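Nothing in this text is a laboratory measurement; each read-out follows from the coordinates by a stated rule. Predicted model only: the values in this text are computed from it and were never measured.
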Amino acid sequence: MSAAASEGDTLADYDYDLPDGAIALRPAVPRDAARLLVSRPGEAIGDHIVRDLPGLLRPGDRLVVNDSRVVPARLTGERVRGDSVSRVELTLLAEDPPGTWRAFAKPAKRVAPGDILRFTDGGRMVEAELLSRAGPEVRVRFADDPLAVGSMPLPPYIAAKRAPDAQDTTDYQTVYADPAGSVAAPTAGLHFTEDLLAALERAGIALSRVTLHVGAGTFLPVKVERLDAHEMHAETGTVTAGTVAEIAATKAAGGRVIAVGTTALRILESAAVGGTLAPFEGETRLFIRPGFRFNVVDALMTNFHLPRSTLLMLVAALVGLPRMHAIYDHALAEGYRFYSYGDASLLFPDKS
């Protein structure tokens with residue numbers, strides 16, 4: 001008989017009820033007009049807007065953003081098997097080797113090795129052969145570049161309500177996006193504008209970049225009740241020597257490091273699993289949940305996350321499970337907008 005789970009060790013600890021109307025289908029306009037919940041230990045939860053950020057931080061603090069660029073990884077087309085034709089959708093995950101992609105297929109049960117897949121956009125068609133399938137994941141060999149006929153991969157809870165459109169090409173991308181590779185946006189960064197970045201610089205708040213290419217696995221549900229049985233999906237990222245040096249200088253001068261988004265936080269802490277931040281390039285499966293020791297990050301700016309998700313567990317690791325529930329109760333009571341296009345929070349950790 002296994003020992004009883006302690007608080008924060010089971011999936012049920014991360015559940016909450018969210019009204020359907022609280023899910024944002026479009027971002028705030030302008031981006032930095034989104035609301036910003038602020039949680040500091042020992043203080044009442046505060047309500048601000050993202051544009052207030054320069055005054056909520058201190059000169060000498062450093063924001064660290066994830067600069068990964070979202071690729072048009074959602075493909076909608078048809079599966080052809082002899083005379084049988086049916087609709088199929090792919091969300092591309094990674095190209096390996098060149099011309100061959102791993103992807104999530106929907107509906108996966110209707111595709112099989114040998115099927116021909118055809119995707120069109122604006123009169124252009126790209127054809128592919130399905131090589132293998134394992135559950136929802138498939139391997140597909142394309143005759144041409146699939147991104148040429150793809151659309152922005154909106155999260156399932158938005159895509160279920162509306163199709164992606166031209167506005168999402170801008171909305172679902174940060175203003176500082178650079179290396180392409182994500183199939184989901186690092187959404188905390190969507191709130192930043194060029195004006196806000198300039199205001200932060202004037203306030204003496206520095207900016208550093210890391211890269212974590214966000215995979216579609218970020219939306220996969222946790223299927224085990226005990227968290228120690230959960231296996232994280234892999235994502236690739238980079239922390240450069242320059243960013244390491246910038247963070248070290250900030251810490252030495254008494255400044256704080258604020259991760260913009262759970263993805264920035266995960267790659268920073270992945271680069272410091274030995275206790276000291278070092279340059280990093282490669283794959284991470286780091287699972288951050290209550291009991292985790294943070295070596296780099298002093299605070300987190302993040303959106304509001306799905307119930308029973310690993311991102312919610314990360315928040316609980318930072319602020320404590322009771323405070324996490326208090327934050328979400330407050331956000332629901334005050335009408336905050338949730339998920340990728342929703343409002344944000346600025347969270348300072350429980351130091352107890």
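Output needed for region 74-149: three equivalent-ellipsoid semi-axes, defined as square roots of 5 times the C-alpha gyration tensor eigenvalues, in descending order, whole Å. Can you show the working numbers first?
Details: eigenvalues 51, 47, 23 Å².
Equivalent ellipsoid semi-axes, largest first: 16, 15, 11 Å.
Length gained on full extension, Asp145 to Lys161: 3.0 nm, using 0.36 nm per residue less the C-alpha separation. Number of Lys-Lys pairs in the chain with C-alpha atoms under 21 Å apart and a separation of 8 or more places or on different chains: 4. When the Gaussian network model of the chain links Cα atoms closer than 10 Å, the mean-square fluctuations of Gly217, Gly114, Gly77 top out at Gly114.
If you restrict to DSSP beta bridges whose two residues both lie in the chain, what percentage is antiparallel, to the nearest 5? Write out the running numbers ahead of the final one.
Working: 52 of 71 bridges.
In the chain, approximately 75 percent of DSSP beta bridges are antiparallel ones.
Seen from all directions on average, region 1-92 presents a Cα convex hull projection of 14.1 nm².
When the chain is treated as a GNM with alpha-carbon contacts under 10 Å, the residue of Val296, Val126, Val315 showing the greatest mean-square fluctuation is Val126.
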